[in-house]
Structures are given as C-alpha cells and as structure tokens.
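Engineer: Pasting a structure here, questions to come.
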Amino acid sequence: MIQAQATDAIAQPESSVVLEANGLTRRFGGLVAVNHVSFTVHPGEIFGLIGPNGAGKTTLFNLVTGLIQPSSGELLHEGEEISRLRPFQIAARGIARTFQNIRLFADLTALENVMIAQHIHTRSGLFTGVMGLPPAPQEERKTYETAHELLNLVGLGDRATEKAKNFAYGDQRRLEIARALALNPNVLLLDEPAAGMNPNEKQQLSDFIRAIRRQFNLTVLLIEHHVPLVMGLCDRIAVLDFGQLIALGDPAEVRDNPAVIEAYLGGE
Ligand SMILES: Nc1ncnc2c1ncn2[C@@H]1O[C@H](COP(=O)(O)OP(=O)(O)OP(=O)(O)O)[C@@H](O)[C@H]1O
Ligand SMILES: [Mg+2]
C-alpha cells in the first residue's frame, strides 16, 4: 500500500457542499431504519458514520447510492436531487462505494473485476463490457493499464490474474476499493473497510484512505466500528442510533458527547 504524503485536510470554503441530506427517512414496514436525518458533507472531507449494529448506517449508504429510495426527505449531490436516480446514474455522477458484504465477481480475476467497473466510463460502455463485445483496441489498452495501476495502488499489483474468490478477506476489501476507484469517483463510500484486517493492516488502511483522498481529490464517507481508526482519520463524525442522528461534530466533540457514550460506547 502507498503511504500518505500529507495528513492535512484539503482546505475548502465553508459554504461548499458535495452531499446533503434533508430529513432523509427510510421505512421498512413498521421499522424506521433512517429517521429524518439531515447533514452536509464538504468537498475533501473524510466523514465518519458510526453507531451500534442496526443503527441504519448501511441503509444510509444504500440511499446515497440509489440501491433503495427514501420514504421521504431529499438527497442532493452537488446541489442536484439524486434520490430518484438509478444506481448506474448515481455511479456515473462519480459516487462509488464498497460493500459491507463484499460484492466481487468471485470467478473473475482481480484485473477483470476492476476493468468491468471502468467500462461505465469508457466509450464502449458498460453494456459492451458485460456482454463481452470487443471494445475499441486503444480504449481496451488504456482500461487495462489503468486497472493495473489501481491494483498496484492498493497493493495487489502482483496478483492481477488471481481469481477474486482466492483472496483473503482484507485483500478482497482492497480489491473492492480499487474497483470503486475505477469509476473515477468524486465521492467514495466505504462500508466497514477495515473489517477482517489486523491492527497493522488497519493502520495502513488509514494512511491509504488519506493518500487516495488527496490523489483523487475525493470526499470520503466511512462506516467503521473500530473507534480509534475513526477518531484518528475522520474530519467529522456522525453518530446514528436507531435511525436517528444523535451527534455530529469533530472527533473530540463526538467522543465527549454523553449521548454517544451512552448509545455507542455502552455508557462506559
Ligand atoms: N432491505 C431491508 N428490509 C428490511 N429491513 C431492513 C432492510 N435493510 C435494513 N433493514 C433493517 O434496517 C435496520 C438498519 O440496518 P442497517 O443495515 O442499515 O444497519 P447498520 O447500522 O449498517 O448495522 P451494522 O453495523 O450491523 O452493519 C436494521 O434493523 C435492519 O434489519
Ligand atoms: Mg451495516
């Protein structure tokens, strides 16, 4: 993995907003998984999302990426309403993600997994890629080279031809990040990227997220249970509990918030 060149946040005017939720609500039957949640995310931020199991974190990511639609409320990307868009339309706007339950093409190689994602952005398009139709040779060469670069970036460059299913858990998570970066995103959502990683890998991941934020000019939304990682990495942290936003602030504010200590840290 590459190391962070610098750890400071990218300075942005206070007023600029890349992502905005207003009263965002999602019900599943009688359960309100996301309950009237409002927040803004600024360009270049690493924005943490924490909360107990079942708090609604993944549901919030599913709303942002168009996998599900809100019951009410609105969601804006760069000032435009996106909550009625299909997932591929949201991906085309540059919002990419990884999944808590890894979703790779198990029988395809690492390289193929990354190349398929890139086809969304090439002239040949996703349809050609999925159907296995031949794209323009020059374009295919570029896709191939970029995929290799991305695999190198996540530390899997020497394993490009191995099938995804043969990768250890932590390596699959890195491969998912490479695939998300292949969409050339401006917003990257990571759902528990450190799950299954050892302490050393977690520290490397933290440095890596800072480095790609800078290199790709990203805004990052991060769901993570490992509190030291979240506190050390995020510029601001939002805390969900039973679907409600109970705190939002910088790491120190959130850490000292009594409601957060009660809900998330179990009152210890
Ligand atoms: N498609 C669905 N249908 C019905 N209920 C759902 C659906 N998706 C999520 N839920 C419910 O919504 C609530 C929030 O789930 P969600 O997966 O967003 O929690 P989470 O904060 O990501 O939890 P974890 O930390 O365990 O991943 C849970 O009670 C879950 O069972
Ligand atoms: Mg989840």
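The values are calculated or read from the model by the stated rules, or taken from the named source; none is laboratory data. What you see is a predicted model, and the numbers here were worked out from it, not measured in a lab. Virtual Cβ from ideal backbone geometry, glycine too; neighbours counted across all protein chains shown.
Engineer: Is there a residue being of a type in the set (V, I, T) and farther than 19 Å from V64 by Cβ anywhere in the stretch 218-230?
Structural biologist: In the first step, residues of the stretch 218-230 are kept if they are of a type in the set (V, I, T); the result is 219-220, 223, 227, 230.
Okay, now just the ones that are also farther than 19 Å from V64 by Cβ, so 227.
Yes, the stretch 218-230 contains at least one residue that is of a type in the set (V, I, T) and farther than 19 Å from V64 by Cβ.
Engineer: Only one of (1) surrounded by fewer than 16 Cβ atoms within 10 Å (Cβ to Cβ); (2) out of contact with any helix residue (DSSP H, G or I) (no Cβ under 8 Å at 6 or more places or on another chain); (3) in contact (Cβ under 8 Å) with a residue 24 or more places away in the chain; (4) closer than 16 Å to I102 by Cα is not met by N217, so which one is it?
Structural biologist: All conditions pass for N217, except number (4).
Engineer: Considering every residue within the stretch 31-43, establish whether at least one is surrounded by fewer than 20 Cβ atoms within 10 Å (Cβ to Cβ), within 15 Å of ligand 2 (Cβ to nearest atom), assigned by TED's automatic domain parsing to the domain that holds L248 and not polar (S, T, N, Q).
Structural biologist: yes
Engineer: Something else about it: Just a yes or no: is a residue in the stretch 30-37 polar (S, T, N, Q) and under 20 Å from A263 (Cβ atoms)?
Structural biologist: First pass over the stretch 30-37, keeping only residues polar (S, T, N, Q): 35.
Of the ones still in play, those that are also under 20 Å from A263 (Cβ atoms) are 35.
Yes, there is a match, as at least one residue in the stretch 30-37 is polar (S, T, N, Q) and under 20 Å from A263 (Cβ atoms).
Engineer: Next question, about the same structure. Checking the structure you have, find out if any residue of the stretch 238-245 is away from ligand 1 (no atom under 16 Å from the Cβ) and not small (G, A, S). Walk me through it before giving the result.
Structural biologist: Filtering the stretch 238-245 down to residues away from ligand 1 (no atom under 16 Å from the Cβ) leaves none.
Checking the stretch 238-245: not a single residue is away from ligand 1 (no atom under 16 Å from the Cβ) and not small (G, A, S).
Engineer: Is it true that some residue in the stretch 2-13 is under 18 Å from the mean Cα position of the chain (by Cα), at pLDDT 95 or above and not assigned by TED's automatic domain parsing to the domain that holds G157?
Structural biologist: no
Engineer: Hey, another quick one. Restricting to the stretch 23-58, and then to whatever is polar (S, T, N, Q) and closer than 19 Å to T219 by Cα, can you tell me which residue is farthest from ligand 1 (Cβ to nearest atom)?
Structural biologist: Taking the stretch 23-58 first, the residues polar (S, T, N, Q) are 25, 35, 38, 40, 53, 58.
Filter again for closer than 19 Å to T219 by Cα, leaving 38, 40, 58.
On the way: S38: 17, T40: 20, T58: 3 Å.
Per the stated criteria, the residue is T40.
Engineer: Hey, another quick one. If we keep just the residues of the stretch 174-214 that are without any contact (Cβ under 8 Å) to a residue 40 or more places away in the chain and assigned to a loop (DSSP other than H, G, I, E, B), which is farthest from ligand 1 (Cβ to nearest atom)?
Structural biologist: Of everything passing the filter in the stretch 174-214, N198 is farthest from ligand 1 (Cβ to nearest atom).
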